[in-house]
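One structure, pasted below without further comment.
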Amino acid sequence: MNHLSRPFVSVIIPVFNDAVRLKTCLEALENQTYPKSFYQVIVVDNDSDEDINGVVSQFSQAFTTRESRPGSYAARNKGISIAKGEVIAFTDADCIPASDWIEKGVENLLRVPNCGLVAGKVELFFKNPSQPSAVELYDAIRMGIPQKRYIEESRYGATANLFTFSSVINKVGYFDDTLKSSGDSNWGQRVFDAGYKQIYAEDTCVAHPARDSLKQLYKKVIRITGGHQDVRRKKGYSLKNFARDIVKDFAPPIEFTLSIFVDKNLNTSKKIKVVFVRLLVKYVSGWERIRLQIGGRSTRG
């Protein structure tokens, strides 16, 4: 990519009480192969209790703005509203972009005519790679971020690693900030419906820690279930469909259990623990779906 072909890039990162991991993310973004004069990093503080400004002020490429309305999509929309870039890139505070992340994302966006979005690889990593916990294994097996499958089967990319043009956003609109989860799928499908091409880019990579505790996994399940319910309600969610989903939630995970027990890389104790995590996730999702159906509200995304 020559100097004249480089578009200006605005990287948008929503954050809520995650200052430690945000610092690691910003360190990676400070040391990109893309020229510093051609990108900015917008950190949108989603009303954190932590000192986000103190972290961001350590990095020359980054600055902070604030969005008090709860939800990562409201925060991303705030970032979009002040972004200067022809290209808009999204990642999360707990992600660690590769050193050539911006460069590769822009290259992929420019090489495909009428490209609406590039979804890059999200690679999960464990605290201790040689001894991952049952929760980490479950997160990697079942709840990772399979961007290639998202693009091919569902026509969207997760905002943990996403590139687009500001002109695309101007045409299809911002994220639906009433959603606490699934806003990236809603937006990506609008991009597809508008006739834009979408690509998965293996070489545009961010690392993401696997959830390593039941508390973290619980929060993720609650958020995702709430997002799914919000989307379904907007489309019309009948009692018949609700009943069907509840049956799925509480049905024994037979297929998953069989797939785990034939895995030769796990010992029996670890297999049992991973299956237990799966059972827990299903039941948490089911009870949260019931709570939302009788009038509860979904939580922050």
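Considering only segment 286-301, state which residues are at pLDDT below 90 and small (Gly, Ala, Ser).
Within segment 286-301, Gly295, Gly296, Ser298, Gly301 meet the criteria.
Is there any pair with a first residue in segment 34-55 that is under 21 Å from Val9 (Cα atoms) and a second that is among the aliphatic types (A, V, I, L, M) and loosely packed, with under 15 Cβ neighbours inside 10 Å whose Cβ atoms are under 7 Å apart and which are 6 or more apart or on different chains, and what are they?
Pairs found: Ile42/Ile82.
Still on this structure, please answer the following. Within segment 152-206, how many residues are touching a Cys at 6+ places or on another chain (Cβ under 9 Å) and polar (S, T, N, Q)?
Going through segment 152-206 one residue at a time, the tally reaches 3.
Quick test of your reading of the structure: Gln189 fulfils all but one of (1) surrounded by 18 or more Cβ atoms within 10 Å (Cβ to Cβ); (2) touching a Ser or Thr at 6+ places or on another chain (Cβ under 8 Å); (3) assigned to a helix (DSSP H, G or I). Name the failing condition by number.
For Gln189, the failing item is (1).
Something else now. Of the residues that sit in segment 101-156 and are more than 23 Å from Asn31 (Cβ to Cβ), within 17 Å of the chain's Cα centre (by Cα) and of a type in the set (Lys, Arg), which one is surrounded by the fewest Cβ atoms within 10 Å (Cβ to Cβ)?
Arg149
What are the pairs with Cβ atoms under 8 angstrom where one residue, in segment 7-29, is touching a residue at least 40 places away in the same chain (Cβ under 8 Å) and within 13 Å of Ala62 (Cα to Cα) and the other, located anywhere, is exposed (fewer than 15 other Cβ atoms within 10 Å of the Cβ) and of a type in the set (Ser, Thr, Tyr)? Sequence gap at least six, or different chains.
Going by the 8 Å Cβ cut-off, the qualifying pairs are Ala28/Ser99.
Tell me which residues, restricted to segment 208-245, are surrounded by 17 or more Cβ atoms within 10 Å (Cβ to Cβ) and closer than 30 Å to Gln32 by Cα.
Selection gives His208, Pro209, Ala210, Arg211, Asp212.
Now a separate question. Say we look at segment 152-166 and pick out the residues that are touching a residue at least 60 places away in the same chain (Cβ under 8 Å) and of a type in the set (Gly, Ala, Ser); which of these is nearest to Lys78 (Cα to Cα)?
For segment 152-166, the residue satisfying everything is Ser166.
Related question: So the check is Cβ under 7 Å with 6+ separation or different chains; which pairs have a first residue in segment 127-143 that's assigned to a loop (DSSP other than H, G, I, E, B) and a second one that's of a type in the set (Val, Ile, Thr) and surrounded by fewer than 19 Cβ atoms within 10 Å (Cβ to Cβ)?
none
Taking the criterion of being closer than 19 Å to Asp94 by Cβ, assigned by TED's automatic domain parsing to the domain that holds Val106 and not hydroxyl-bearing (Ser, Thr, Tyr), would at least one residue in segment 148-157 satisfy it?
The answer is yes; a qualifying residue exists.
What helices (runs of 4 or more DSSP H) lie completely within segment 239-301 and have 2 or more residues being under 27 Å from Asp177 (Cα atoms) and charged (D, E, K, R)? It would help to see each step written out before you state the result.
Working: elements: 239-250, 254-261, 268-293.
Filter on segment 239-301 gives 239-250, 268-293.
Residues Asp193, Asp203: which one is within 27 Å of Pro132 (Cβ to Cβ) and in the same structural domain as Ile151 (by TED's automatic domain parsing)? Don't jump to the end; show me each part of the working.
On the way: Asp193 fails: within 27 Å of Pro132 (Cβ to Cβ).
None of the others qualify; the one that does is Asp203.
How many of the residues in segment 59-80 are closer than 21 Å to Leu26 by Cβ, out of contact with any strand residue (DSSP E or B) (no Cβ under 6 Å at 6 or more places or on another chain) and either hydroxyl-bearing (Ser, Thr, Tyr) or part of a loop (DSSP other than H, G, I, E, B) (or both)?
Here the count works out to 2.
Okay, moving on. Counting only residues that are part of a helix (DSSP H, G or I) and of a type in the set (Gly, Ala, Ser), which one in segment 81-126 is nearest to Ile12 (Cα to Cα)?
To start, the set of residues in segment 81-126 that are part of a helix (DSSP H, G or I) comprises 81-82, 101-111.
Then drop every residue that is not of a type in the set (Gly, Ala, Ser), which leaves 81, 105.
Values: Ser81: 11, Gly105: 14 Å.
The residue in question is Ser81.
Here's a follow-up. Working only within segment 192-216, note down all residues that are part of a helix (DSSP H, G or I) and of a type in the set (Ser, Thr, Tyr). Give the derivation first.
So in segment 192-216, the residues part of a helix (DSSP H, G or I) come out as 192-193, 214-216.
None - no residue of segment 192-216 is part of a helix (DSSP H, G or I) and of a type in the set (Ser, Thr, Tyr), so the list stays empty.
Still on this model: Would you point out the residue of segment 168-186, among those that are part of a loop (DSSP other than H, G, I, E, B) and modelled with pLDDT under 95, that is surrounded by the fewest Cβ atoms within 10 Å (Cβ to Cβ)?
Checking each candidate, the answer is Thr178.
The values are calculated or read from the model by the stated rules, or taken from the named source; none is laboratory data. Quick caveat: nothing in here was measured; it's all calculated off a predicted structure. FYI the Cβ positions are ideal-geometry reconstructions off the backbone, even for glycines, and counts take in every protein chain you see.
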